[in-house]
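Data first, discussion second: the structure below is written as C-alpha cells.
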Amino acid sequence: AGDPAQSGRPARFRPCPGGQKIKPCPADPLHIIRERMSGPRRSPSISGIILTGFMGAGKTTVGALLAERLGWRFLDSDRVVEDRAGMTVAEIFAGRGEAAFRALEAETIREIVRGEPLVLALGGGALESAATRSLLASLSSWRMVFLEAPFDILVSRCAGQPDRKSVV
C-alpha cells in the first residue's frame with residue numbers, strides 16, 4: 001500500500017486519468033526485448049523472426065545473439081546461398097549475374113522458412129526480388145524486423161571487405 005515512489009521501490013504501474021493503470025516506459029529500450037525473450041520460450045503464434053536492413057546494419061550479429069537468447073537456430077541467407085552454390089555472393093554476381101543470384105536467394109529463403117523456428121538474417125538486397133517480397137508477405141506467423149544504422153556507419157562497416165558489394 002502507499003505510493004511506490006515514496007517507498008523506495010520502483011513503480012510497476014503508474015495511474016492514468018480515469019483510474020486505469022499502465023506500465024511505465026522502461027529507461028532501457030532493450031528492457032522489453034529482454035523481458036519478453038528471456039529464454040528458449042516462444043510464442044505459439046511466432047514461427048520465426050526475419051531480420052532485414054541495409055548491408056552493414058548488423059543483421060548477422062544481432063541475429064546470432066537473438067537466436068542464442070531464444071534457443072533457436074540462426075541462419076544468414078547469404079551464407080546458405082554461398083554454401084549451396086559453392087561460391088561467394090560476389091563470385092555469383094560476377095559469374096552468373098544478379099538475376100541468377102536473386103533467383104537462388106528466393107528459392108533458398110522459401111526452403112528455409114518451411115522448417116523449424118529460427119532467426120533468419122536476409123541479405124541486404126533480398127527485398128529487391130518481387131518473389132521474395134511476396135513470399136515474406138505471406139508468412140503471417142513470422143515477424144520481420146528492419147535494422148537501421150546511420151549511412152556513415154554502414155559505409156564504415158562495409159569498407160575494405162572484398163566480399164561485399166559497394167553500398168554507394
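The values are calculated or read from the model by the stated rules, or taken from the named source; none is laboratory data. Since we're looking at a predicted model, the values are computed, not measured. Glycine gets a Cβ as well: all are built from the backbone with ideal geometry, and neighbour counts include every protein chain shown. Heads up: the accessible areas ignore ligands, DNA and RNA and are worked out on the full protein's heavy atoms, side chains in. Shrake-Rupley method; radii C 1.70, N 1.55, O 1.52, S 1.80 Å.
Please report, in cubic angstrom per residue, the volume enclosed by the convex hull of the alpha-carbon atoms of the stretch 59-168. Intermediate values should be presented prior to the final figure.
Working: hull volume 12.6 nm³, N = 110.
Convex hull volume per residue, Cα atoms: 114 Å³.
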Q: Could you look at the stretch 45-118 and say what percent of its accessible area is carbon and sulfur, using a 1.4 Å probe and all protein chains?
A: 54 percent
(Q) I want to check the label-to-label distance for Asp83 and Leu65. Put each point 7 Å from Cα in the C-beta direction and report it in nm to one decimal. (A) 2.3 nm
Q.
Using amide H atoms built in the peptide plane, which far-off residues or other-chain residues are under 5 Å from Leu51 H to H?
A. Leu120, Ala121, Leu122, Val145
Q: From largest accessible area down, sort Ser134, Ser140, Ser129; use a 1.4 Å probe on the protein chains.
A: Ser140, Ser134, Ser129
